[in-house]
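Enquirer: The structure that follows is given in the form of structure tokens.
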Amino acid sequence: MLPRRADKGAATLRWVRYHARMVQLVSTLAIGIRTMSTAHPRAFIDLFSDTMTRPSPGMRKAMAEAEVGDEQRGEDPTTNALQERVAALLGKEAAMFLPSGTMCNQIAVAVHCRSGDEIIATDNSHLFTFEGAGGAAIAGAQGRSVPHEQGIFTGAAVHAAVRDPTMRHSPRSRMVAIEQTQNLGGGAVWSEAQIADVAKAAQAHALILHMDGARLPNAVVASGVSAAKMCAAFDSAWLDLSKGLGCPIGGVLAGSKDFIAEAWRWKHRLGGALRQSGILAAAGLYALDHNWERLAEDHANAQRFAVLAGAVKGIKLMFAKTATNLVFLDTTGTGKSAKEISEACLRHGVRIGAMGPTRLRAVTHLDVQAADIETAAKALRAAVG
Ligand SMILES: Cc1ncc(COP(=O)(O)O)c(C=O)c1O
């Protein structure tokens with residue numbers, strides 16, 4: 001009996017020690033993660049994306065103090081306020097808060113398109129490239145790419161892409177989607193005239209017009225054209241809160257009352273309906289008040305970085321003009337891959353994304369200061385060698 005009791009005591013001791021070690025490990029990890037997420041490390045300059053921003057103290061305060069309710073029942077006053085604000089900003093009847101920009105695009109496609117329909121957009125659009133073929137998988141719609149310059153296409157391209165409606169074996173052309181600004185087109189801004197040209201063609205064929213406005217605020221600030229004017233011809237449009245505006249999450253999709261009513265069905269269906277989302281919507285309202293106009297700084301920083309990066313031996317700017325906050329670089333002339341240069345930059349405390357074998361993308365945002373641009377360019381120079 002005695003030995004057995006001794007065994008039991010030793011086992012208990014081992015159990016206690018093991019759990020103490022686990023508790024210690026978990027708390028060490030938690031402290032580490034907390035430090036990582038709240039620190040504002042100047043030692044590390046993150047040009048990977050404008051989604052890398054951290055909520056500022058002012059934004060966090062607004063979130064903490066938000067009035068909340070059940071969003072699914074329309075009882076969250078802060079979410080309602082954000083929706084009304086964005087609807088007015090985009091000149092639409094109604095708007096809906098969603099967890100992501102991707103969901104804004106996919107819900108719009110699902111409302112507008114039926115199985116067998118076709119969407120006209122560019123091969124480099126986020127819709128066709130980075131959304132897991134959601135248009136096909138969710139709505140049953142296929143994509144048709146049109147020729148473009150930095151993601152910007154013409155009314156003539158739309159005319160040429162529209163299927164003959166009398167051809168019963170063709171898909172039905174249903175929707176035209178543009179991206180404002182065009183991400184993989186180097187942050188190019190659609191001008192009013194370019195939008196009008198495409199809108200006229202779309203209307204001639206009774207096509208739905210949709211705007212992916214992930215960086216619509218950047219386009220507004222860069223061009224001086226109001227968001228409402230830019231979105232006037234569109235049946236649906238949205239803006240992202242988690243990019244240049246610096247929120248932790250969210251996008252707001254806008255359109256007619258009927259469109260938003262139908263979008264609500266999809267929001268529930270896809271599990272995007274929320275509860276006390278006012279905590280997040282408060283960040284959005286704060287961003288609209290504080291982080292909109294300052295996007296001009298990001299554009300100036302991107303332009304400065306483009307000048308400095310373009311002067312690095314072997315590096316070539318992919319696009320002649322830096323219109324907003326995205327800078328694309330071609331590394332071919334350096335004899336090194338984008339990945340090699342990106343990794344070397346990281347060793348100098350700067351993150352620049354490798355977006356292809358020889359393509360780098362640097363993105364400015366509110367956690368990047370003007371002084372960081374010189375440091376980042378220096379790191380790129382050192383990385384190229
Ligand atoms: C042009 C464009 N559209 C849509 C999205 C999707 O936004 P989210 O990451 O919020 O889903 C992105 C994200 O990078 C984007 O750049």
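Enquirer: Where residues in the stretch 214-225 are touching a residue at least 40 places away in the same chain (Cβ under 8 Å) and not in a helix (DSSP H, G or I), which of them is farthest from the ligand (Cβ to nearest atom)?
Expert: Arg215
Enquirer: Would a scan of the stretch 319-326 turn up a residue that is charged (D, E, K, R) and surrounded by 15 or more Cβ atoms within 10 Å (Cβ to Cβ)? Steps first, please.
Expert: Of the stretch 319-326, the ones charged (D, E, K, R) are 321.
Going one step further and asking which of them are surrounded by 15 or more Cβ atoms within 10 Å (Cβ to Cβ), we end up with none.
No, there is no match, as no residue in the stretch 319-326 is charged (D, E, K, R) and surrounded by 15 or more Cβ atoms within 10 Å (Cβ to Cβ).
Enquirer: Can you name every residue in the stretch 125-147 that is within 14 Å of the ligand (Cβ to nearest atom) and surrounded by fewer than 17 Cβ atoms within 10 Å (Cβ to Cβ)?
Expert: Matches in the stretch 125-147: Thr129, Phe130, Gly132.
Enquirer: Scan the stretch 87-97 and tell me whether some residue there is in a loop (DSSP other than H, G, I, E, B), touching a strand residue (DSSP E or B) at 6+ places or on another chain (Cβ under 6 Å) and either farther than 18 Å from Trp266 by Cβ or not assigned by TED's automatic domain parsing to the domain that holds Gly272 (or both).
Expert: yes
Enquirer: Scan (1) within 11 Å of the ligand (Cβ to nearest atom); (2) more than 14 Å from the chain's Cα centre (by Cα) for the single condition Gln180 breaks and write down its number.
Expert: Failing condition for Gln180: (2).
Enquirer: Further question on the same structure: Can you find even one residue in the stretch 229-249 that is among the aliphatic types (A, V, I, L, M) and in a helix (DSSP H, G or I)? Break it down into steps so the answer makes sense when it comes.
Expert: Let us first name the residues in the stretch 229-249 that are among the aliphatic types (A, V, I, L, M), namely 230, 232-233, 237, 239, 241, 245, 249.
Now drop any that are not in a helix (DSSP H, G or I), which leaves 230.
Yes, that holds for at least one residue.
Enquirer: Something else now. Return the pair list, or none, for Cβ contacts closer than 8 Å from residues in the stretch 84-110 that are away from the ligand (no atom under 15 Å from the Cβ) to residues that are among the basic types (Lys, Arg), at least 6 apart or on different chains.
Expert: Qualifying pairs under 8 Å: Gly91/Lys229; Glu93/Lys257; Ala94/Lys257.
The values are calculated or read from the model by the stated rules, or taken from the named source; none is laboratory data. These numbers come from a predicted model, not from an experiment. We place every Cβ from the backbone using ideal geometry, glycine too, and count neighbours over all the protein chains shown.
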